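This report concerns only the one structure given below.
We did not get these values from a lab; they are worked out from the coordinates using the rules stated. Just so we're clear, the structure is a prediction, and the values are computed from it rather than from any experiment. Note that each Cβ is placed from the backbone with ideal geometry, even for glycine, and that neighbours are counted across all protein chains shown.
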Amino acid sequence: MVEPDEARRFYARLMAAQARSADPRIEGVFASVPREAFLGPGPWTVSAGEGRFETPSADPSYIYQNVLVVLDADKGINNGEPLLHAMWFGKVEPKPGEAVTHIGAGTGYYTALLSKLVEPDGSVTAFEIEADLAARAKANLALYANVEVVQADAVANPLPPSDIIYVNAGVVAPPAAWLGALTPGGRMIFPWRPSETVGLAVLITRLENGFACRPFMGSWFIPCVGASTVEPSAKIPTRERAARTRSIWLRKDKAPDRTATAVFGDVWFSSRTIRADNTR
C-alpha cells in the first residue's frame, strides 16, 4: 500500500509538471497541504465523466489524483480540479507578501495553498457564501494564521484592497467593485460565463491606463450568486468573440465602442489591447 505522504508528493509533482509553471513552489504547496483534511471523513465520492464513484476506503491515496471530490451533491459543489488550480496559480503568480482575496473558498483547500504561496507576510481573505461550507473552512484553516474566512456574499459586501482576487464561481462579468479593489499591478483570475455555452478562464491585470485581460483556457464553475444574471440589454458574446477580449472597462471611465466584445451593465469587454507602457 502506498503511504499517503508518498502519494501526495507524487500527486504534487504531477500537478506542477502538467501546469507547466516555472515556479517550483507550486509543487511544494501541493506536497505540503493534505487534501483529505478539507474533505471530511472518507470514503469520499468522486466525480468522473457523467458518474459518481465512492472510493473503496478512507485511504487518502485515492484522492491524490486529478479528480473532483463531491462536497454537496444537491448543490453541485465539489472540491475543484487540482490541475486547473495548479494552472491558475501559475498564471496569477502569487508572490510572498501579497494580499489575496479568495471568492468561493468552499472548505478551504485552495485557500490553504494560496496562503502558503504568499508566505511570509502575505494574507488571504476567503469569502464563502454557504454557511455550512464557511464553517468547515474556518475549522479547517484554524491553524493558518494568515487566513481570515468571511461567511458573506462577496458581491454585496466590499472586498479589501487586493493584489490578487481569485474567483471560484462563474460570473457574467466581474463586478465593478471587484475591479476597484485591485491594487496597481493587481491580478484577478475568474471563470467568465457570459452564457450557457461560453465558459472561459480569464486573467485581468490592473495597469495605469486600464485593465488588461486575456482568456486562456476553458473553465466551468457553478454560478456566482449576485453576478450571474444576464440583463436584457446585455451584449452577449459568442465563444470566438469572447476569446478575442483583451481589456475590460468601466462605463464610467469609457463608453462601449466598436471594439466591444461584450457589455454587461457597468462593465464591458473589448478587443483593444492595452499595455503597461501606456500604449494601446
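Annotations
- Counted charge near ILE63, where neighbours are those whose Cβ lies closer than 15 Å (Asp, Glu -1; Lys, Arg +1): -3
- Convex hull volume of region 31-106 per residue (C-alpha atoms, cubic angstrom): 116 Å³
- Positive-end residue of PHE264, VAL118, TRP192, charge dipole of the chain with Cβ unit charges: PHE264
- Distance in nm between pseudo-label sites at ARG258 and ARG275 (7 Å out along the Cβ direction from Cα): 2.3 nm
- Total charge dipole magnitude, the chain, about the Cα centre, Cβ charges on Lys, Arg, Asp, Glu only, Debye to nearest 20: 1300 debye
- Residue by residue, region 45-61 carries 3J(HN,Hα) couplings of 9, 10, 9, 8, x, 9, x, 10, 9, 8, 5, x, 7, 8, 5, x, 4 Hz when phi is fed to the Karplus relation 6.51 cos²θ - 1.76 cosθ + 1.60 (θ = phi - 60°); x denotes Gly or Pro.
- Sorted peptide list for 253-262, 120-129, criterion being average Cβ within 10 angstrom, highest first: 120-129, 253-262
- Estimated distance in nm for a label pair at ARG9 and LYS95, the labels positioned 7 Å out from Cα along Cα-to-Cβ: 3.2 nm
- The aspartates and glutamates within cross-link reach of LYS138, meaning a Cα-to-Cα straight distance under 18 Å and a gap of 8 or more places when in the same chain, are GLU36, ASP72, GLU128, GLU130, GLU148, ASP153.
- Full extension of the chain segment joining LEU250 with ALA37 gains 72.6 nm, where the gain is 0.36 nm per residue of separation less the Cα-Cα distance.
- Around GLY97: net Lys/Arg minus Asp/Glu count, Cβ-Cβ under 9 Å: -3
- Convex hull volume per residue in cubic angstrom - Cα atoms of region 1-75: 108 Å³
- At R0 = 41 Å, FRET efficiency that the Cβ-Cβ distance of ARG214 and ALA58 yields, to 0.05: 0.50
- CD proxy at 222 nm, helix term only [per DSSP H run n ≥ 4: -39500 (n - 2.57); per residue of the chain; nearest 500]: -6500 deg cm²/dmol
- The stretch between ASP266 and LEU83, if pulled fully straight at 0.36 nm per residue, gains 62.6 nm over its current Cα-Cα span.
- DSSP bridge orientation in the chain - percent antiparallel, rounded to nearest 5: 65 percent
- In sequence order, calculated HN-Hα J values of region 187-201 (Karplus, 6.51, -1.76, 1.60; Hz; x Gly/Pro): 10, 10, 10, 8, x, 8, 10, x, 7, 5, 9, 10, x, 9, 7
- An ellipsoid equivalent to region 76-270, defined through the eigenvalues of its Cα gyration tensor, has semi-axes of 27, 18, 15 Å when rounded to whole angstrom and sorted largest first.
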